[in-house]
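Have a look at the structure below, then the notes.
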Amino acid sequence: HKLAYFTLPLNHKPISKSGGAAAVRSSLEVVCTSKCPQGTPDALARNCSLRETDLCPPGDTSRCTWYGGNTTQVAFYCVDIQIIGDVEGDAQQWLQDLRASAAWLAATPVIAAIFGFCFLGFVHRCGA
């Protein structure tokens, strides 16, 4: 099973009755599959249901579900653009998120440089 897709748990309410794409993103689970799932027009109005069992690994049959959307294959992932690509929220929320993570974003390159120089020092001293 060389592909992976994002789905919802079995019997999850339809996306339209669950608050939309942004509300269900945190409930998505990754499942391996041999074929990207494709939906039907009426499938989005039904609860999440099981797919054919031979499409997922034997141990994942209970998670081999689909909520009805159409997927697009991107590398080895089957992505429902309606769910993953639908970004909701305003610019103010994005700025608040950036401000909240600013310290980590600023510290990351410094920490990476310190580890890099430590590694180079180790190789210089211990190398042949």
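The values are calculated or read from the model by the stated rules, or taken from the named source; none is laboratory data. The shown structure was predicted, so the numbers you read here are calculated from the model rather than taken from an experiment. Here the Cβ is made from the backbone with ideal geometry for all residues, glycine too, and neighbour counts use every protein chain on show. Only protein heavy atoms, including side chains, enter the accessible area calculation; ligands, DNA and RNA are left aside. Shrake-Rupley method; radii C 1.70, N 1.55, O 1.52, S 1.80 Å.
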inquiry  = Need a quick list: helices (runs of 4 or more DSSP H) entirely within region 69-128 having at least 2 residues that are at pLDDT below 90 and surrounded by 10 or more Cβ atoms within 10 Å (Cβ to Cβ).
reply    = 81-84, 91-100
ask   = residue 63 is checked against (1) among the basic types (Lys, Arg); (2) part of a loop (DSSP other than H, G, I, E, B); (3) farther than 14 Å from residue 6 by Cβ and fails just one. What number does that condition carry?
value = (3)
inquiry  = Kindly evaluate residue 59 against the criterion of being within 15 Å of residue 31 (Cα to Cα), open to solvent by less than 100 Å² (accessible area, probe 1.4 Å), out of contact with any Leu (no Cβ under 8 Å at 6 or more places or on another chain) and without any contact (Cβ under 8 Å) to a residue 12 or more places away in the chain.
reply    = yes
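Results for (1) open to solvent by 40 Å² or more (accessible area, probe 1.4 Å); (2) in a helix (DSSP H, G or I); (3) farther than 21 Å from residue 77 by Cβ; (4) not aromatic (Phe, Trp, Tyr), shown as yes or no for each residue.
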{"position": "13", "(1), (2), (3), (4)": "yes, no, yes, yes"}
{"position": "23", "(1), (2), (3), (4)": "yes, yes, yes, yes"}
{"position": "32", "(1), (2), (3), (4)": "yes, no, no, yes"}
{"position": "37", "(1), (2), (3), (4)": "no, no, no, yes"}
{"position": "40", "(1), (2), (3), (4)": "yes, no, yes, yes"}
{"position": "44", "(1), (2), (3), (4)": "yes, yes, no, yes"}
{"position": "54", "(1), (2), (3), (4)": "yes, yes, no, yes"}
